[in-house]
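Visitor: Sharing a structure with you now.
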Amino acid sequence: MTEALAHDPAILIVGDDLLAERVCDELAAAGGTRVRVVAPKVADDDEELLEAGVASAVAILTLSSDDERNLSIALRARMLNPHIRVVLRQFGTKIGRKIEQNLPDSTVLSPAAHSAATYAGAALDPGCFFALRFPDMVAGAFVGFTFGFANELDVAHLTVAEAEQKLGLRVVALGNLCEPVPDSLIDANDTIAAFGRVIERRTETRHEREPPGSRPYVRRTLAESLIETLARTNPILRTIAVSAAVFYAVAAFFFHLALHLSWPGSAFDVVQAMTSAGFGDTSVVRRGTAIVLGAMVVMIGGTIFTSIFIGYVSAAITRAQWTAQQGLRRIRAHGHYVVCGGGRIGGAVVNLLIEAGKHVVVIDSHPDPTLVRRARESRLDLLTGDATNEDVLALCDVPHAAAVVVLTNSDPANLEIALGARAMRADVPLVVRMEDRTFAQATASLFGIATFSPAALTAPAFAGLARFPGTLGRVRIAGKEHTIVQLWGGAGTQAQAGAVPLCAWRAGRGIVLIHSFEEIVAGDTVIYAIPPGVPVPEPGIVSA
């Protein structure tokens, strides 16, 4: 609970997990309110809610992991205080929209859907650091912020206006300068922060695609090719095959000399002895002890090698059948996206990538029915297995993947999967979910892996929604934290001084990138970046 003056408004937070903790930190840092945390079980009792101050609170945020409990607590809080603002955490986006339509002064946010946009955006564009669906969280356009060097984006020595036209993005910052003038010249080493539609922006590595003739041609002999192929086979099977071949050659040579047979005849008799009941010629027993013993050795050896061969074939068939039953099979692809973890966030990421027209391979140990159905209906390959198992991960053709997105709910498991993918290809793009701040910092420092936390991505949005409807989150632009806000209302009201308009959703045109308030027309839904120190505008105050 934060220290504040008694007359400061109170905000109640119902939750006991990492998200609730981070929302508390956000509200405490913003100041101006008293934050009271109530455990979800305690909040089930109206008396406890009244004791916590629900009657005088300005807002309540129900942030438990139980959607039904969140809705129940929110509705009872509204009954106890008709003027309280309600912010709910709900996984189901459809019911969320219905609640907002029927419950005044309420906002519903799905952490899975909200954070999934950034994971999918970072997979498509390595420079993406925050993404969202606009203007609708479920079916809106896929937009976001990206960051990169001018030479990487191929806009060096262009003006800002020329770079925007080439990239199809709104340049928000050039180095540490926010809102650069259109005529500013971009140096090759300048950093650029831009906003716009999220598309695949990836510089292909040499590993992914080498131009023809880039590798020197080396002529290999047939013997060298056979030796290389033999070296890649199973060592036990290789030993058995070589032993059988040597045994067969010695036996054929022996009977060629002992029985005075032709080479074809000797070879046929040895095959017959090794694969059936014997030579079929009783005269062998009359040729002396050495020949009889040789025939016996051939028949026994043939039985042994044949049994081993049948055993290996049976084991291979059984293994293939088990693999098929487990949903595991080798994927042959190029430029595909591997998603490890098909839970709530993973499912939302998969939807975004498929909508972007990408081939997706999902690994999940216990896929839900929705994911299984999607695997049957769309461009989705589903493997039922544990991605920490390198054999399972190897089935996904990681060396040719566009990116690997790791989204299980275990930080150590996510790191293990990411390192396993990197072992298969050192430069594979990785997008990894990490909840624990210390663990994420260590991962970034020691392994150079960029991570995102669902709680960190959604906590600023929940904290902002407690006060201002339309808050979408917070991003760092030109060294300063900016609040991202979505507002409705169109033209005709006073513009918010200091706010940075980014884009508008306009009927008949869709997404329109804008640079000034004068470009906003009636009916537009607008996204703004609000720098620190500038008050967030009230709902409806959106334009010039």
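The values are calculated or read from the model by the stated rules, or taken from the named source; none is laboratory data. Computed from a predicted model, the values in this text were never measured in an experiment. With ideal geometry, Cβ positions are generated from the backbone for all residues, glycine too; neighbour counts draw on all protein chains shown.
Visitor: Just to check your reading of the model, which residue among PHE253, PHE309, PHE247 is at pLDDT 70 or above, within 50 Å of the chain's Cα centre (by Cα) and among the aromatic types (Phe, Trp, Tyr)?
Guide: On inspection, the qualifying residue turns out to be PHE309.
Visitor: All but one of (1) of a type outside the set (Ser, Thr, Tyr); (2) modelled with pLDDT under 90; (3) surrounded by fewer than 18 Cβ atoms within 10 Å (Cβ to Cβ) hold for ARG374; which doesn't?
Guide: So ARG374 meets the others, but not (3).
Visitor: Read through the list (1) surrounded by fewer than 17 Cβ atoms within 10 Å (Cβ to Cβ); (2) at pLDDT 95 or above, then give the number of the only condition that LEU407 fails.
Guide: It is condition (1) that LEU407 fails.
Visitor: Could you tell me whether any residue of region 453-463 is of a type in the set (Ser, Thr, Tyr), touching a His at 6+ places or on another chain (Cβ under 7 Å) and at pLDDT 85 or above?
Guide: yes
Visitor: On to the next question. Looking at the structure I just gave you, is ALA387 of a type in the set (A, V, I, L, M), in contact (Cβ under 8 Å) with a residue 40 or more places away in the chain and assigned to a loop (DSSP other than H, G, I, E, B)?
Guide: yes
Visitor: Look at region 425-445 and say how many of its residues are of a type outside the set (Asp, Glu) and either at pLDDT 90 or above or in contact with a Gly (Cβ under 6 Å, 6 or more places away or on another chain) (or both).
Guide: 9
Visitor: Among the residues that make up region 320-335, is at least one of them outside the structural domain of ALA122 (by TED's automatic domain parsing) and closer than 18 Å to GLY121 by Cβ?
Guide: Looking for residues that are outside the structural domain of ALA122 (by TED's automatic domain parsing) and closer than 18 Å to GLY121 by Cβ, one finds at least one in region 320-335, hence yes.
For every residue, the table says whether it meets (1) charged (D, E, K, R); (2) surrounded by fewer than 20 Cβ atoms within 10 Å (Cβ to Cβ).
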position: ALA28; (1), (2): no, yes
position: GLU48; (1), (2): yes, yes
position: GLY53; (1), (2): no, yes
position: LEU71; (1), (2): no, no
position: LEU80; (1), (2): no, yes
position: ARG85; (1), (2): yes, no
position: SER106; (1), (2): no, no
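Visitor: Among (1) over 23 Å from the mean Cα position of the chain (by Cα); (2) over 30 Å from ASP67 (Cα atoms), where does PHE195 come up short?
Guide: Exception for PHE195: condition (1).
Visitor: Please work out which residue is farthest from VAL108 (Cα to Cα), limiting yourself to region 455-484 and to residues that are out of contact with any Lys or Arg (no Cβ under 6 Å at 6 or more places or on another chain) and assigned to a helix (DSSP H, G or I).
Guide: ALA456
Visitor: Of the residues GLY385, GLY347, GLY342, only one is of a type outside the set (Phe, Trp, Tyr), under 19 Å from ALA112 (Cα atoms) and at pLDDT below 90; which?
Guide: Only one candidate passes the filter, namely GLY342.
Visitor: If I filter region 360-369 for residues that are part of a helix (DSSP H, G or I) and among the aliphatic types (A, V, I, L, M), do I get at least one hit?
Guide: no
Visitor: Follow-up. Look through ASP66, ASP16, ASP25 and report the one residue that is touching a residue at least 60 places away in the same chain (Cβ under 8 Å), of a type outside the set (A, V, I, L, M, F, W, C), within 30 Å of PHE452 (Cβ to Cβ) and assigned by TED's automatic domain parsing to the domain that holds ASP105.
Guide: Answer to the selection: ASP25.
Visitor: Additional query: Looking only at region 96-110, filter to residues that are in contact with an Asp or Glu (Cβ under 8 Å, 6 or more places away or on another chain) and without any contact (Cβ under 8 Å) to a residue 40 or more places away in the chain; which one of those is nearest to ASN70 (Cα to Cα)?
Guide: Here the residue is VAL108.
Visitor: Further question: What do you reckon, is ALA356 out of contact with any Gly (no Cβ under 8 Å at 6 or more places or on another chain), surrounded by fewer than 24 Cβ atoms within 10 Å (Cβ to Cβ), modelled with pLDDT of 90 or more and farther than 24 Å from GLY121 by Cβ?
Guide: no
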